[in-house]
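All remarks here apply to the structure that follows.
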Amino acid sequence: RGGAAAAVDESAELEPACVVLDSPYASFEQLAVDLTRAKVAAGFSAPAWALAQIVLPRLEAAVAELADFSTRELRPLRCAPLMRRPALFVHARDDKLLGPHHAQALAAKYGGPCALATCDGGRKAPPRAAPTAPSRSTSSC
């Protein structure tokens, strides 16, 4: 279920001391708008929010089938103020899927101690190119 579920799952048998959220999304709905905005920029004439309303049910169904959970169960931005575990939000500068505004929004609302870091690389960087430490743009929440 990803980082959002790890931060939210208070029922976990082994409670982690902290969580690291790598390119988290603030809300599935915003992710759908962001993805369709790219299609609008590529030549579609409909507004991104309108396309998102058409695409979102299909994305939700695909996630339910592949990952066996409903995206409606996860509301990272709504849950962030309730979280108390220390968290590190990490975003890669070259991530073409998720914009940094997702991690920034989550970090801004996070209820516990947290830090926000950007690093080199992207979503499909080979393992040897994965960052080993956050860049200097790390900031406390």
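Bear in mind these aren't lab numbers, they're just calculated from the coordinates by the rules spelled out. In this text, all values refer to a predicted model and were calculated from it rather than measured experimentally. Every residue, glycine among them, receives a Cβ derived from its backbone with ideal geometry; neighbour counts consider all protein chains shown.
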Find out how many positive minus negative residues lie around G112, taking Lys and Arg as positive, Asp and Glu as negative, among other residues whose Cβ is under 10 Å from that of G112. +2
For C114, list long-range residues whose amide hydrogen, built 1.01 Å from N in the peptide plane, is under 5 Å from its own amide hydrogen. A87, C141
